[in-house]
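A short worksheet on the structure shown next.
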Amino acid sequence: MQIHPEQIARTLINEAFNSRRVVVGLFALVTATVLVTGLTWPKYFAASTSILVEDKNIIQPLMQGAAVSTDVSDLARNARELIYGRRIMDRILEQGGWLDKHPSAVEREFLIEGIKSRTAISNLGKNLIKIEYRDTDPERAFHVTQRFAELFIQEGIAARAAETRAAYVFIDKQAREYEAKLGQAEQEIRQVRGSDVDVRPVNEVELSARLATLNARIESTTMELREAEIKRSSLERQVSGEADVTAGITREGEIRARIGELQTKLDTLRLSYLDTHPDVIQLKLQIQDLTKALEAERRRPSKERGSSGEMSQSAMNSPIYQQLRRELSQTQVTVDALKARIAESQRLLREEAQRGKSVRSGDARLADLARDFQINREIYQDLLRRRERARVSMSLDNDRQGLAYTIQDPPTLPQAPKGPRFWHFVLGGLVLGILVPFGLLYARMHIDPRIRVGDAITKVHNVPVLATIPHLWTPDEIKQLSAELPVLKLALVATVAVCAIVSVLRLAQVL
């Protein structure tokens, strides 16, 4: 249901008048409560300081790429963790005098939590950090804030120096490890090269040429050996045939010569003796035996004639036979030499093949070692550069030429407390004393279903309203109202007067 603001205001005034006792009581109660709250509200004095963290100085352009500066955003983000650390908090407890009463461990924790709750750390910009501390004692607020700034700068510088030193030590350790790896890899390369002097990049080509030369030599020598063996076989056959022929010819000649000698003797004896003479008969018998032997020699094959008995001295003295024997001996020597050459070439071929395997394995091993050496050397060179940058950064941090802390706005002794003043509570109590009763009345209007405006009957029940009859005060009610209104006015005036008196006393620092 829509109600006009004028009707709401009139209705609230009527309800307030009807509930005037409750309204005045609530006004006095709320005003007094807020006034008491203002009197007991603790006064906090706040001191703050601003710290400028800058890394822009004359050294930075000169050392660009040679030194690593700490990131400002990291310090600003970690300022809270750094300040709220136990080391700084213990010093703050000592600075603020909280340790004079020798608190226990539990009480220390409560004190630290209280200090943290009264400390605000904010980032005012990229390079500016603000530290604010609130305390009931202005001098302690000032000294604690000042100590916060000093400890933050000291711890920041020390943490950065420790970080740079740790980075330098770590990089130096890694560089030494890779230096040892490089020395070990170099020693292994020397060992591989020393174990096989043929480990060179051109060995594969030379090895292939050597193997091809040895194979060609073996093939050529094998062909020569076959030719020499054929020649030897031919000479052996020729020597055997010549011996057989010479042996056969020499045997028949001897028989014929013997027969000729005996025939000459027989002719000589016949000149002196008859055929019946015993010497003549003996010679004839010998001639007959030799003639038979000659016929038998002629009928016997040449092989049997050459193999029967040992060769005669005349056959061995034959020039053809001796020539053939010399050629056969020379050919045998040639065959033996060729066999020895083939055996030697095959041995060299096996050695070269074995050497080829070792060369290939040595090349693979050497390639792996060279690759590892190259990778380790690149990493080592990079670590050397990083170590040098870390060393320069450490020197800059020691000389405080890197990241710098500057107290931009030093803390000052607070003269006035922060937060709501007492007059804020006074005015707030009076305003709340008015708003609370009327707010409750307004809420009751929405909750209470009774009709308080005549137009509501027409809008809700669709019934026209002819006239509105106001409340008629009886003489007793008028008499009671006349006696009640001065009391209520007095209560209102007394409440406002008490607020004014308390405010004056507070300004005079009596309360």
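Descriptive notes on the structure:
- Of all the numbered requirements in (1) within 30 Å of Val335 (Cα to Cα); (2) crowded, with 16+ Cβ neighbours inside 10 Å; (3) at pLDDT below 75, Gly248 misses one, and that requirement is (1).
- Residue match in the stretch 200-215 (condition: in a helix (DSSP H, G or I), open to solvent by less than 60 Å² (accessible area, probe 1.4 Å) and at pLDDT 85 or above): no
- Candidates Arg190, Arg108, Arg160, Arg134 - the one that is part of a helix (DSSP H, G or I) and either at pLDDT 80 or above or not basic (Lys, Arg) (or both): Arg108
- Residues in the stretch 28-54 that are open to solvent by less than 20 Å² (accessible area, probe 1.4 Å) and of a type in the set (A, V, I, L, M, F, W, C): Leu35, Ala46, Ala47, Ile51, Val53.
- Candidate set: the stretch 221-245, residues that are among the aliphatic types (A, V, I, L, M) and at pLDDT below 75; chosen: the one surrounded by the most Cβ atoms within 10 Å (Cβ to Cβ): Ala243
- Near pairs, Cβ below 9 angstrom, 6+ apart or cross-chain, from the stretch 373-393 (over 15 Å from Gly183 (Cβ atoms) and modelled with pLDDT of 85 or more) to any residue that is outside any helix (DSSP H, G or I) and open to solvent by 80 Å² or more (accessible area, probe 1.4 Å): Arg386/Val68
- The one condition in (1) more than 14 Å from Leu182 (Cα to Cα); (2) at pLDDT below 80 that Asp368 fails to fulfil: (1)
- Any hit, the stretch 127-140, residues being more than 37 Å from the chain's Cα centre (by Cα) and free of Cβ contacts under 8 Å to residues at least 60 places away in the same chain: yes
- Filtering Pro410, Pro437, Pro486 for residues that are open to solvent by less than 40 Å² (accessible area, probe 1.4 Å) and modelled with pLDDT of 75 or more leaves a single hit, Pro437.
The values are calculated or read from the model by the stated rules, or taken from the named source; none is laboratory data. Just so you know, these numbers come straight off a predicted model, no measurement behind them. As a convention, Cβ positions derive from the backbone with ideal geometry for all residues, glycine included, and neighbour counts pool all protein chains shown. Accessible surface areas use protein heavy atoms only, side chains included; no ligands, DNA or RNA. Shrake-Rupley method; radii C 1.70, N 1.55, O 1.52, S 1.80 Å.
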